[in-house]
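> My questions will all concern the structure given below.
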Ligand code: HEM
């Protein structure tokens with residue numbers, strides 16, 4: 001199943017009642033750093049980040065989102081690839097990921113770019129999940145070639 005739309009009701013202690021839009025790389029850094037600030041203790045997502053060097057991962061994600069929003073060309077990787085190796089990654093993880101991301105963005109920013117980053121996050125999460133489903137189906141077909 002594809003990820004559901006993230007909840008728009010969540011917020012955190014940094015709620016800003018007069019938010020401005022995302023304006024540049026510094027704001028992207030704020031979002032990415034806040035997203036990962038306590039990821040290790042997230043009950044749903046934490047385990048996936050046990051062995052991740054966040055000091056190396058965060059700049060990659062800042063490059064990624066800067067390229068998406070501002071066409072900086074600073075990210076040239078293959079964003080899906082590491083996710084294919086994550087054991088048991090499924091819809092509920094993407095829902096949780098989108099809830100966290102939405103909360104981080106909406107509590108700090110509002111405007112067309114804030115809308116854009118959330119729309120792109122939802123699109124990419126859906127694509128990632130569709131790819132994971134295809135990999136799983138292909139794996140089952142390979143293992144059980146006579147089924148159905
Ligand atoms: C379902 C929840 C998700 C989990 C548990 C997850 C976890 C991870 C992990 C463990 C890595 C590898 C980090 C490393 O070893 O340095 C990674 C990389 C990455 N993730 Fe995710 N991720 C999730 C969803 C997403 C989504 C929805 C996006 C984008 C909208 C995204 C974007 C990226 C990017 C751009 C990279 C870097 C790829 C590279 O190294 O070039 N992730 N993620």
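The values are calculated or read from the model by the stated rules, or taken from the named source; none is laboratory data. Here the structure is a predicted model, which is why all the values come from computation and not from measurement. Here Cβ is always computed from backbone atoms with ideal geometry, including for glycine, and neighbour counts include all displayed protein chains.
> Report yes if residue 133 is part of a helix (DSSP H, G or I) and within 20 Å of residue 21 (Cβ to Cβ), otherwise no.
No; evaluated as a whole, the condition is false for this residue.
> Any idea which of 139, 115 is more than 14 Å from the ligand (Cβ to nearest atom), modelled with pLDDT under 95 and outside any loop (DSSP other than H, G, I, E, B)?
Answer to the check: 139.
> Next up: What residue, of 129, 123, is farther than 17 Å from residue 24 by Cα and touching a helix residue (DSSP H, G or I) at 6+ places or on another chain (Cβ under 6 Å)?
Of the residues listed, the single one that is farther than 17 Å from residue 24 by Cα and touching a helix residue (DSSP H, G or I) at 6+ places or on another chain (Cβ under 6 Å) is 129.
> Could you grab me the full set of residues in segment 61-95 that are near the ligand (Cβ under 6 Å from one of its atoms) and touching a residue at least 40 places away in the same chain (Cβ under 8 Å)?
Scanning segment 61-95 gives 79, 83, 89, 93, 94.
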